[in-house]
């Protein structure tokens with residue numbers, strides 16, 4: 001019984017903490033040129049923070065509300081590629097949740113960093129299942145409510161750069177990146193990607209420099225460059 | 001392509017990974033090279049977006065108040081401040097720098 005309530009409180013705590021930064025997403029999305037409805041639909045349907053920040057970031061770079069087809073296309077691809085990690089989470093969750101057929105549709109929607117982290121950190125199977133559903137549901141509810149609050153706030157603020165919202169968008173990406181910089185290989189890829197995307201910006205249409213930087217990740221990953229000796233084992237265990 | 005259509009397509013694209021992971025045999029995605037590339041791709045895209053959002057503007061390389069604001073964000077991340085506090089602090093820092101020094 002004590003164990004169960006601890007899963008419940010962890011789930012709600014994670015949901016609240018994650019939901020809070022939905023405020024930043026809502027405000028930044030409106031600053032990027034999306035309207036409140038578009039911002040809300042992204043949180044309801046895409047429901048993956050990294051991909052949502054990437055989508056609105058590329059839209060902002062490509063001209064905001066008046067974005068052209070090329071910019072929208074680059075935004076779609078950026079969001080899609082950033083969502084790839086969710087596929088790996090799903091692989092780990094599938095045997096835990098053990099759903100068949102159409103029963104996979106809703107758990108797939110709730111498969112995100114937080115629900116996976118809480119579920120896989122539980123020892124007992126019952127708590128793993130409970131942790132997934134509770135965290136997924138809590139994050140979904142709070143993330144969407146706070147997105148709406150942030151979008152309304154962003155809309156009321158007006159000029160994004162006057163309020164430093166452009167800096168906040170950059171800080172959001174730094175915050176998403178930070179916990180992933182533990183290994184030398186990741187740091188090398190991050191440095192290369194930052195330089196490539198920044199240096200390529202004057203020469204390529206918006207969004208393309210980000211995708212070009214993704215090529216650096218594929219090359220380093222394929223050849224396993226800059227790896228620590230133990231990095232491979234750790235990677236395989238995850 | 002309209003922004004609305006883009007939002008729907010991108011949402012479907014992100015969902016495709018999630019549902020794919022529930023359907024494919026786990027051996028496919030457990031290959032170390034594939035999982036390594038996926039992890040690094042996430043790092044590369046986030047870092048590239050950081051560069052574009054923090055160091056460029058209007059299609060040019062452009063350094064301004066965002067850089068000291070990012071320095072403050074980095075210090076707060078190092079001190080393990082909550083995400084939303086770090087984001088808000090960087091916005092306030094950039095806004096104050098612009099208010100007092102312009103640019």
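Kindly indicate whether residue A:105 is farther than 26 Å from residue B:45 by Cβ, at the interface with chain B (Cβ under 10 Å from one of its Cβ atoms), more than 17 Å from the chain's Cα centre (by Cα) and at pLDDT 95 or above.
It is true that residue A:105 is farther than 26 Å from residue B:45 by Cβ, at the interface with chain B (Cβ under 10 Å from one of its Cβ atoms), more than 17 Å from the chain's Cα centre (by Cα) and at pLDDT 95 or above.
Do you know which of the residues in segment A:108-123 that are more than 15 Å from the chain's Cα centre (by Cα) and touching a residue at least 60 places away in the same chain (Cβ under 8 Å) is nearest to the other protein chains (Cβ to nearest Cβ)?
So the residue we want is A:118.
Among the numbered criteria (1) assigned to a helix (DSSP H, G or I); (2) farther than 16 Å from residue A:211 by Cβ; (3) more than 7 Å from every other protein chain (Cβ to nearest Cβ), which one does residue A:90 miss?
The failed condition is (3).
It is to be established whether one or more residues within segment B:24-38 are without any contact (Cβ under 8 Å) to a residue 60 or more places away in the chain and within 18 Å of the chain's Cα centre (by Cα).
Yes, some residue in segment B:24-38 is without any contact (Cβ under 8 Å) to a residue 60 or more places away in the chain and within 18 Å of the chain's Cα centre (by Cα).
For segment A:152-159, indicate whether the set of residues that are within 12 Å of residue B:49 (Cα to Cα), free of Cβ contacts under 8 Å to residues at least 40 places away in the same chain and not in a loop (DSSP other than H, G, I, E, B) is non-empty.
no
Which residues, taken from segment A:45-82, are free of Cβ contacts under 8 Å to residues at least 12 places away in the same chain, part of a helix (DSSP H, G or I) and closer than 13 Å to residue A:205 by Cβ?
Of everything in segment A:45-82, just one residue is free of Cβ contacts under 8 Å to residues at least 12 places away in the same chain, part of a helix (DSSP H, G or I) and closer than 13 Å to residue A:205 by Cβ, namely A:69.
Select from segment A:30-57 the residues that are buried (at least 23 other Cβ atoms within 10 Å of the Cβ) and more than 14 Å from the chain's Cα centre (by Cα) and list them in ascending order.
A:30, A:31, A:32, A:34, A:39
Scanning segment B:62-89 for residues that are at pLDDT 95 or above and at the interface with another protein chain (Cβ under 7 Å from one of its Cβ atoms), which turns out farthest from the chain's Cα centre (by Cα)?
Residue satisfying both the conditions and the ranking: B:65.
Scanning segment A:177-190 for residues that are at the interface with another protein chain (Cβ under 7 Å from one of its Cβ atoms) and over 11 Å from residue A:217 (Cα atoms), which turns out surrounded by the most Cβ atoms within 10 Å (Cβ to Cβ)?
Selected residue: A:177.
Results for (1) part of a helix (DSSP H, G or I); (2) within 9 Å of chain B (Cβ to nearest Cβ); (3) surrounded by fewer than 24 Cβ atoms within 10 Å (Cβ to Cβ); (4) at pLDDT 95 or above, shown as yes or no for each residue.
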residue: A:149; (1), (2), (3), (4): yes, no, yes, yes
residue: A:192; (1), (2), (3), (4): yes, yes, yes, yes
residue: A:211; (1), (2), (3), (4): yes, yes, yes, no
residue: A:222; (1), (2), (3), (4): yes, yes, yes, no
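Would you confirm whether any residue within segment A:59-76 is farther than 29 Å from residue A:209 by Cβ, out of contact with any strand residue (DSSP E or B) (no Cβ under 9 Å at 6 or more places or on another chain) and surrounded by fewer than 24 Cβ atoms within 10 Å (Cβ to Cβ)?
No, every residue in segment A:59-76 fails to be farther than 29 Å from residue A:209 by Cβ, out of contact with any strand residue (DSSP E or B) (no Cβ under 9 Å at 6 or more places or on another chain) and surrounded by fewer than 24 Cβ atoms within 10 Å (Cβ to Cβ).
The values are calculated or read from the model by the stated rules, or taken from the named source; none is laboratory data. None of the values given here were measured: they were computed from a predicted structure. Neighbour counts run over all protein chains shown; Cβ positions are idealised from the backbone, glycine included.
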